[in-house]
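The values are calculated or read from the model by the stated rules, or taken from the named source; none is laboratory data. Just so it is clear, the structure is predicted and the values come from calculations on it, not from any experiment. Because the Cβ atoms are built from the backbone with ideal geometry, glycine has one as well, and the counts that use them run over all protein chains shown. Remember, those area values only see protein heavy atoms, side chains included, never the ligands or the DNA or RNA. Shrake-Rupley method; radii C 1.70, N 1.55, O 1.52, S 1.80 Å.
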Amino acid sequence: MKNAIIYFYNIYIDDIRKLNNNYYFSFNNEDYVIQQYSSNIKESVFMYELNKEMLDNRINTYKIILTKENNVLFEYDGYLYFLMIIPKIKNRIITYDDIINFNVYTNNEKIITSLDKSNWGYYWSEKIDYIEYQFSSVMDKHKIVKNSINYYIGLWENAISYYNDNINDSYIKQVSHKRVDTNMDLLSFLNPINLIIDTKERDIGEYFKSYIINENYTMDNINNMLNKISLDDIKAKRLICRILFPSYYFDRYDDIMIGNKTEDILYNIINKNTNILVLLKTIFNKYKNSNIPQIEWIKKED
């Protein structure tokens, strides 16, 4: 990797450290990360454009460094990588306030179009067919998944139906995150590779799901968190829809399918099935006097 950094960036370094799939080094009083990238190559160009715009607006984030040929990515040993300067911040675990105070917008239509993930119904419908096909061929190897997946596919299908029946295009898009959770650190939260275009409700919904599954929640805390945000009917419906979508299960499912995790990781999720329903019922109750469509089977759950 040292030779690749010399070749692509004309940066000469003495020491480089590898951690998981990434590399780290220091140069000219700056800390760098060489981060592996496995997503859409075209999107990486607009990640760079968004990153440059955020830095120009003095928003704290990493700085993506172009190669000497002005490319966003470089290839090494069959993998693609970003080179980025790590921001000089004190790292810590993010809080709910970090989520609700992250208000970053762009007016660049090319960035919005290229990184927009706000049409959840489309993306969810596209992926669920693949999940069902994939699992049918490997189900006998994964007993825990086999005994639990149908419930979460049902939630997924409910989320698609709720989206298609109740969500339109009249919503404000902003910079959001592919995923957030209660264990995420601030450096991961600010990483350009984790940034997309979506709505605020994506981040809030993902954080709520992680909180209610991974933390010792109380109803007072849930209500206090809900009271910190102001939602009109459109935003409330998107939040409900996002919470209904079982990303917490299928993110772990993906890890299991590629061999990064064992099935045991699902036990905590399966044992807390009712937590998500409690959260949804709380939100429905909070907005019972609004024009928010209810989900009857969730209302009837004890």
Original post:
Looking at the stretch 111-118, is at least one residue over 25 Å from THR182 (Cα atoms) and free of Cβ contacts under 8 Å to residues at least 12 places away in the same chain?
Top reply: yes
Subject >> First in the stretch 122-142 and among the acidic types (Asp, Glu), second anywhere and surrounded by 12 or more Cβ atoms within 10 Å (Cβ to Cβ) and part of a helix (DSSP H, G or I), Cβ under 6 Å, 6 or more apart >> reply: none
Original post:
Within the stretch 154-172, can one find any residue that is over 20 Å from ILE292 (Cβ atoms), within 21 Å of the chain's Cα centre (by Cα), in contact (Cβ under 8 Å) with a residue 60 or more places away in the chain and part of a loop (DSSP other than H, G, I, E, B)?
Top reply: no
**OP:** With respect to GLU132, determine if the residue is of a type outside the set (A, V, I, L, M), assigned to a helix (DSSP H, G or I) and either within 18 Å of the chain's Cα centre (by Cα) or within 24 Å of ILE229 (Cβ to Cβ) (or both).
**Re:** no
Original post:
Within the stretch 163-188, can you find the residues that are open to solvent by less than 80 Å² (accessible area, probe 1.4 Å) and over 24 Å from THR113 (Cα atoms)?
Top reply: ASP181, THR182, MET184, ASP185, LEU186, LEU187
Original post:
TYR249 fails exactly one of the following numbered conditions: (1) modelled with pLDDT under 95; (2) under 15 Å from ASN275 (Cβ atoms). What is the number of that condition?
Top reply: (1)
Original post:
So which residues in the stretch 30-66 are in a loop (DSSP other than H, G, I, E, B), open to solvent by 60 Å² or more (accessible area, probe 1.4 Å) and at pLDDT 95 or above?
Top reply: ASN57, ARG58, ASN60
Subject >> Residue, nearest to LEU80 (Cα to Cα), within the stretch 13-57, restricted to residues that are over 23 Å from the mean Cα position of the chain (by Cα) and among the basic types (Lys, Arg) >> reply: LYS18
Original post:
Looking at ASN291, is it among the polar types (S, T, N, Q) and in contact (Cβ under 8 Å) with a residue 24 or more places away in the chain?
Top reply: yes
Original post:
Considering ASP98, ASP129, ASP116, which residue is among the acidic types (Asp, Glu), open to solvent by less than 60 Å² (accessible area, probe 1.4 Å) and over 25 Å from ILE222 (Cα atoms)?
Top reply: ASP116
